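None of the figures in this text is laboratory data; all of them are computed from the coordinates on show. Fair warning: this is a prediction, and the values are worked out from it, not measured in the lab. Here Cβ is always computed from backbone atoms with ideal geometry, including for glycine, and neighbour counts include all displayed protein chains.
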Amino acid sequence: MWSVLSTGEVPAGERFDWYSDIVSREVMPAALSSERPAEFHGEAAVLDLGEIRASKFSLSPLRSRRTAAMIRRGDPEQYQLALLRKGATSLSQHRNECTVGAGDLMLWDTSRPSDNQMPATGGQVQATILLLPRTVMPLRTQRLDQVLARRIPGDWGMAAILSSFMNALEDHGTECSPEELRRLGAVAVDLATACLAQYLDAEDHLPAEVRTQALVQRIHAFIEHNLGDPELNPSAVAAHHHISVRTLHQLFHDRGESVRARIRRRRLEQCRGDLAHPGRSAHPVSAIAARWGFSGPAVFSRSFREAYGISPTEFRALRVTDFCASAGRLTHGSPAQTPVPPGG
């Protein structure tokens, strides 16, 4: 579960001072300042991922500085890799400077002085951050120094895959068990390392297991983006990633699911989601099957029944019945379904 901290319960005039004190006492010493402290609102949350943690925050614009004296007072000894989801911010550290916007990533080191400023005119800033202990990062400090306070565009290569992972973690992290979260923590370290290594053009210096995990994540992303292509198959996947089909099968064998099985499973899951969606009830079953890459209605119907025990048409009818029943309960004001008004 995300552990949430919010200024919402604090009187407006005290929110900024309260938040500043919490950050310096519970996170790390920092000097926070705001041009509009009376209007400040902040919310932050942390998710435990085993060796690492993830955090997310939504803040009114502020400035955060870490001096050498503050570092001596307290230092978590982390690299912090942020994905900005909304707003803009500027960072200077280790003779580097950058300004990033929504969709960009940036890295900083808690053991070095820094100055992070959010423009007062930029509105609320939202970000997801991976808190990476220095000890878990396989890249050398001298290499990572080169990427501190550098804008990393999040829309291509490994950065795009890492961004998708961080967005999914923020949106669905609470749905995972502690053991699943620990596994996600290991994946996060591998993806972050591969992303930074690609930015540094240093992939060849990564441990073999990190390169393998990064390759698997790239393959998964490729499959997700091409599920609707009926020509998606192991040969196409292998050719796109410049590996042999035998190598591809070995990568998936080690993870307990074949390439074809993953493609089939994800196509079926997407079709099931469309069939259950009330807004797509007018779409023919055959059109939904074609949308997600099935070669024909008969193949889709047989695969769906094998996976879920009923036909696509039967599944859709059941979901429509469930939806109508739920709508009826809401219409008649069932206490268990009636939303509580704000302040009620």
Across the Cα atoms of the range 1-93, what radius of gyration and what greatest pairwise Cα-Cα distance (Dmax) are found, in Å?
13.6, 37
Amide H proximity to GLU97 below 5 Å, modelled H, separation 5+ or other chain, gives none
Interchain or long-range residues, amide H under 5 Å from ALA30's placed H:
SER24
A chain fully extended from THR121 to THR212 at 0.36 nm per residue, minus the present Cα-Cα distance, gains in nm 28.4 nm
Trypsin sites (Lys or Arg not before Pro) within the range 135-205, DSSP loop, no more than 14 other Cβ atoms inside 10 Å:
ARG140
For the chain, what does the relative contact order come out to in percent, with C-alpha contacts under 8 Å and a separation of six or more?
12 percent
Regarding the chain, what's the average projected area of the Cα-atom convex hull, expressed in nm²?
21.3 nm²
Once both axes come from the Cα atoms, what is the angle between helix 259-276 and the longest principal axis of the chain, in degrees from 0 to 90, rounded to 10?
90 degrees
Cα-based radius of gyration of the range 3-200 once divided by 2.2 N^0.38 Å, which approximates compact folds
0.98
Pairs of alpha-carbon atoms within less than 8 angstrom and 6+ residues apart define the contacts here; what relative contact order does the range 106-173 have, in percent?
45 percent
